[in-house]
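The values are calculated or read from the model by the stated rules, or taken from the named source; none is laboratory data. Owing to the predicted nature of the structure, the values given are computational and were not obtained by experimental measurement. Heads up, the Cβs are rebuilt from the backbone with ideal geometry, glycines too, and the neighbour counts pull from every protein chain shown.
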Amino acid sequence: MSAMVPRRILHVDMNAFFVACEVLRRPELAGRAVVVGGSAKRGVVAAASYEARQFGVRSAMASAVASRMCPHAIFLDGDHDYYGDVSGRVFEVFREFTPLVEGLSLDEAFLDVTGAQRLFGEAVETAHRVRDAVREHVGLACSVGVATSKFVAKLATEFAKPRASRERIDEGPGVFEVRPGGEIEFLHPLDVGMLWGVGPVTLEKLHRIGLQRVGDIAACELRVLQLALGEAHANHLHDLSMAIDDRVVEPDRETKSIGSEETFADDLTDAAEVRRNLLRMADTVARRCREEGLAARTITLKIRHADFRNLTRSRTLAEPVETSQSIMAVVDELLPDIDVAAGVRLAGVSARNFAVPDAQLRLFDDEPHDDGRPRQEEEWREASRAVDKIREKFGDDAIGTGGSTETGSTPWGPRRES
C-alpha cells in the first residue's frame, strides 16, 4: 500500500444487537424496555434496549438488579442460534463492500475499506453506505467509527452510538470519523479508562500516579509508567496514547475457543444432575465445532461453586475431536476431581487448540480399521453429522442427546419463569 494512501478502517457495531434481533421478529416490542438474558434470580443481562438503559440497565448486570431498576421491562431468554443467523446476514452485507472483514463477535467487525474507496467514495461515505445497506437488507441499525487504525476506529464508534439518559434517547450521528492527522487531537482529551487494556486495577494505578486523560499517558515519562504497570503493559498503553496501532484487518481470524456455560437457578449438589447438564453443553460445543469445520485438541471443564470459587480442569488430546461423545469422555475424566457436594452455581465446557478434522487416529481404540483408524469415533462423527442434518431440517428440538431436553438455562443464566 502506498504511503500516500492512509489506511481507512471502519469499526461497525450493531446497536443493542440481541434486542434489535428480537424486535425484528416481534415488531410490537419496538419502543419498549426490553432486556435479553436470564431473568430468574441468577440471570445476567446480555443486552438492553435504549428504553431500558434510560433506567440504568446495562449489559452484565444481574437480572434481579435490572428488574428492580426497570420493573416494567420485558425480559426475554435469548436465542443464540437466531442471533447467529441474523449476524450471518449482516456480515454478508459487510462483504459486499470489502473482502477484508474481521469479525470480533456476532455484532461487531472491522472493515478495511482503503481499496474500496474508488467504488464507494471516501471512507466516511462508505460508512454511511454500509449503515444504509444493513438497514435495507437486514432491517437493523448500526454505528460506525472511521479512522486510520483499528484502535482509533473502535473508539470513534463510541461517539457514533445512540445515548440513553433518564430524560431522552439521543440517536447519535451514526457515523463518526477521525480524519488522518487528527488522531492525537481526538485521543488526548479522552479518559484513560477508554484505552484497550485498562481495567479497574490498571485504572486505579494510573490514577494513583496522576494520569487521568490519554494525553497524560503520552506526556508521562515512559520509565515512570513502566514502574507503575510493568514494561510490556506500559509500552502498550504508551503506544496507544500516541495513536500507534499497525495491526491489520484479518479476514480469516482464527477461532480461539468455542464454549457453552450456564448459571443454574439453584445450586446443584447431585453429580448425576451436573453431568446431565454438562452433556448438553458438550453437545452444543461439538455442534458449533462441526459448523465451523473444526476439531479441538484441548477440552476444558469449568465449575463455579456456590461461594463463587472458580475451578477449571483441562486435558489436551493427542488427536482432535469434534463429537459430543468424545468431548464428554474427557469431561467424565475431569469431573471426579470436582467436589460437587459443595454446590455448583455454574458449569461450562469449552474447546480450543483447533485443527481441521480429518480421518487420522482418534481418541478411542475400540476396533480399528485396516488402516489403523478407530471405528467408534468415526461412527460417532458420522452419526453426529446425521443429527446435524435432522436439526437443520426439523429444528433443534427434533433430536438431542440424553438430558438435552431437561434444560432450564440459557448462556446468560436461568430461563425466565413462566
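Applying the selection to segment 290-343, what residues are within 24 Å of T269 (Cβ to Cβ), in contact (Cβ under 8 Å) with a residue 12 or more places away in the chain and basic (K, R)?
Scanning segment 290-343 gives K302, R304, R313.
So for segment 132-141 (the condition being surrounded by fewer than 17 Cβ atoms within 10 Å (Cβ to Cβ), of a type in the set (D, E), within 16 Å of L24 (Cα to Cα) and assigned by TED's automatic domain parsing to the domain that holds G84), does at least one residue qualify?
There is at least one residue in segment 132-141 that is surrounded by fewer than 17 Cβ atoms within 10 Å (Cβ to Cβ), of a type in the set (D, E), within 16 Å of L24 (Cα to Cα) and assigned by TED's automatic domain parsing to the domain that holds G84.
Yes or no: V35 over 26 Å from E291 (Cβ atoms), in contact with a Lys or Arg (Cβ under 8 Å, 6 or more places away or on another chain) and either of a type outside the set (A, V, I, L, M, F, W, C) or not in a helix (DSSP H, G or I) (or both)?
Values: over 26 Å from E291 (Cβ atoms): yes; in contact with a Lys or Arg (Cβ under 8 Å, 6 or more places away or on another chain): no; either of a type outside the set (A, V, I, L, M, F, W, C) or not in a helix (DSSP H, G or I) (or both): yes.
No: the conditions fail for V35.
Given (1) closer than 23 Å to P6 by Cβ; (2) among the aliphatic types (A, V, I, L, M); (3) under 19 Å from the mean Cα position of the chain (by Cα), identify the lone condition not met by A127.
Unmet condition: (3).
Exactly one of these conditions fails for E185: (1) more than 21 Å from V146 (Cα to Cα); (2) loosely packed, with under 15 Cβ neighbours inside 10 Å. Give me its number.
Result: E185 fails condition (1) only.
Test each condition in (1) at pLDDT 95 or above; (2) crowded, with 17+ Cβ neighbours inside 10 Å for E125 and report the one that comes out false.
Looking at each condition in turn, E125 falls short on (2).
Looking at R32, R26, which is the one that is over 18 Å from D107 (Cβ atoms) and in contact with an Asp or Glu (Cβ under 9 Å, 6 or more places away or on another chain)?
Working: R26 fails: in contact with an Asp or Glu (Cβ under 9 Å, 6 or more places away or on another chain).
So the residue among R32, R26 that is over 18 Å from D107 (Cβ atoms) and in contact with an Asp or Glu (Cβ under 9 Å, 6 or more places away or on another chain) is R32.
Residue under question is A109, and the condition is that it be farther than 28 Å from E291 by Cβ and buried (at least 21 other Cβ atoms within 10 Å of the Cβ); does it hold?
On the way: farther than 28 Å from E291 by Cβ: no; buried (at least 21 other Cβ atoms within 10 Å of the Cβ): yes.
Spelling it out, it is not the case that A109 is farther than 28 Å from E291 by Cβ and buried (at least 21 other Cβ atoms within 10 Å of the Cβ).
Residues in segment 313-321: is at least one among the acidic types (D, E) and assigned to a helix (DSSP H, G or I)? Give the derivation first.
At the first step, the residues of segment 313-321 found to be among the acidic types (D, E) are 319.
Then keep just the ones that are assigned to a helix (DSSP H, G or I); that gives none.
Among the residues of segment 313-321, not one is among the acidic types (D, E) and assigned to a helix (DSSP H, G or I), which makes the answer no.
Taking segment 113-143, which residues are assigned to a loop (DSSP other than H, G, I, E, B) and over 17 Å from A153 (Cβ atoms)?
Those that are assigned to a loop (DSSP other than H, G, I, E, B) and over 17 Å from A153 (Cβ atoms): G121, V138, G139, L140, A141.
So D246 clears everything in (1) loosely packed, with under 13 Cβ neighbours inside 10 Å; (2) at pLDDT 95 or above; (3) of a type outside the set (K, R) except one condition, right? Which one?
D246 satisfies all of (1) loosely packed, with under 13 Cβ neighbours inside 10 Å; (2) at pLDDT 95 or above; (3) of a type outside the set (K, R) except (2).
Looking only at residues in segment 291-313 that are in contact with a helix residue (DSSP H, G or I) (Cβ under 7 Å, 6 or more places away or on another chain) and crowded, with 19+ Cβ neighbours inside 10 Å, which one is farthest from G348 (Cα to Cα)?
Ranking the qualifying residues of segment 291-313, first place goes to A295.
In segment 32-44, which residues are modelled with pLDDT of 90 or more and β-branched (V, I, T)? Step through it out loud before you land on a result.
From segment 32-44, those modelled with pLDDT of 90 or more are 32-36; that's our starting set.
Matches in segment 32-44: V34, V35, V36.
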